[in-house]
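Since the structure comes first, as structure tokens, the remarks are kept for the end.
Rule-based calculations on the coordinates, nothing more; no lab input. Since this is a predicted model, take the numbers as computed values, not measurements. Positions of Cβ are backbone-derived with ideal geometry, glycine not excepted, and every protein chain shown enters the neighbour counts.
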Amino acid sequence: MNIVFFGLGYPVGLFHLLDRRPQIIINETGIFDRTTNIDFINWEIIQDAYLFDIHKQKFICLVVDEKFIPSKNKSKLCQQTTKFKEVIGAQELNISLGQVKIDPEKLTEFILLMRTAAKSSKADLLDKTSSA
């Protein structure tokens, strides 16, 4: 059983090593992070964003409106684990930057800028940022 269980780790590890899909997608609608296992997080529901560091791993914590918190519709166990995140200073929606080569401060500033920008100017901000 151990050989089978741990043997499955090799193909899973190779898959993650060779996976070339984007980790974070940002567009006019919102931001998508594959590790959060939810759809796009719309700019309109993001109230604030801040940088958080746990053992030299960078995260961007997204503060969202209470009615859009994903664990609200999940089990009690899931709700209790999200309370642990709040105790350590994080939020329920966190964007992991461990595997992304980007300046965390600039990305946090960009998220804050996009959440307050008018819908008509979001495409221009994305074009300016991608060309810079």
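Give me the net charge for the shell around Asn94: Cβ to Cβ below 15 angstrom, other residues only, Lys and Arg +1, Asp and Glu -1.
On the way: positive: Arg34, Lys58, Lys83, Lys85; negative: Asp33, Asp48, Asp53, Glu86, Glu92.
Spelling it out: positives minus negatives among the neighbours equals -1.
What's the magnitude of the charge dipole for the chain around its Cα centre, counting Lys and Arg as +1 and Asp and Glu as -1 at the beta-carbon? Answer in Debye, nearest 20.
The dipole magnitude comes to about 360 debye.
Which of the trypsin sites (Lys or Arg not before Pro) found in the range 30-82 are in a DSSP loop and have at most 11 neighbouring Cβ atoms, other than their own, within 10 Å? Kindly include the intermediate steps, with their values, before the conclusion.
Values: sites: Arg34, Lys56, Lys58, Lys67, Lys72, Lys74, Lys76; in loops: Lys56, Lys74.
Answer by residue number: Lys56.
At 222 nm, what helix-only mean residue ellipticity would the chain give, in deg cm²/dmol to the nearest 500, using -39500 (n - 2.57) for each DSSP H run of four or more? Before the final figure, lay out each step's value.
Details: 5 runs with 55 residues, N = 132.
Helix-only estimate at 222 nm: -12500 deg cm²/dmol.
Using only Cα atoms, figure out Rg for the range 9-55 and give it as a multiple of 2.2 N^0.38 Å. Write down the numbers at each step before the final one.
Working: Rg = 14.2 Å, N = 47, 2.2 N^0.38 = 9.5 Å.
The range 9-55 yields a ratio of 1.49.
Lysine pairs in the range 2-127 8 or more apart or on different chains: how many have alpha carbons under 24 angstrom apart?
Total qualifying Lys-Lys pairs in the range 2-127 comes to 21.
Taking +1 at the Cβ of each Lys and Arg and -1 at the Cβ of each Asp and Glu, which of Leu112, Ala123, Pro11 sits farthest along the dipole of the chain towards its positive end, judged by Cα position relative to the Cα centre?
Pro11
Using the Karplus curve 6.51 cos²θ - 1.76 cosθ + 1.60 with θ = phi - 60°, what ³J(HN,Hα) values do you get for each residue of the range 48-59, in whole Hz, with x for Gly and Pro?
Once rounded to whole Hz, the list reads 7, 8, 8, 8, 9, 10, 10, 6, 6, 9, 8, 9.
In nm, to one decimal, how far is the modelled label at Lys106 from the one at Thr29, with both set 7 Å along Cα→Cβ?
With each label placed 7 Å out from Cα toward Cβ, I get 2.6 nm.
Summing Lys, Arg as +1 and Asp, Glu as -1, what charge do residues with Cβ under 15 Å from the Cβ of Thr108 carry, Thr108 excluded?
On the way: positive: Lys58, Lys106, Arg115; negative: Asp33, Asp48, Asp53, Asp103, Glu105, Glu109.
Summing Lys and Arg as +1 and Asp and Glu as -1 gives -3.
What is the gain in length, in nm to one decimal, between Ile3 and Gln57 on full extension, counting 0.36 nm per residue of separation less the C-alpha to C-alpha distance?
Stretched out fully, the Ile3 to Gln57 stretch lengthens by 16.3 nm.
What is the distance in Å between the Cα centres of the range 53-127 and the range 1-51?
So the separation of the two Cα centres works out to 13 Å.
Enumerate the calculated ³J(HN,Hα) couplings along the range 94-102 in order (Karplus 6.51 cos²θ - 1.76 cosθ + 1.60, θ = phi - 60°), each rounded to whole Hz, writing x wherever the residue is Gly or Pro.
10, 9, 7, 10, x, 10, 10, 8, 8
Kirkwood hydrodynamic radius (Cα pairs, Å) of the chain? Display every interim value, and only then the final one.
Numbers: mean 1/r = 0.0600 Å⁻¹.
With all distinct Cα pairs of the chain included, I get 16.7 Å.
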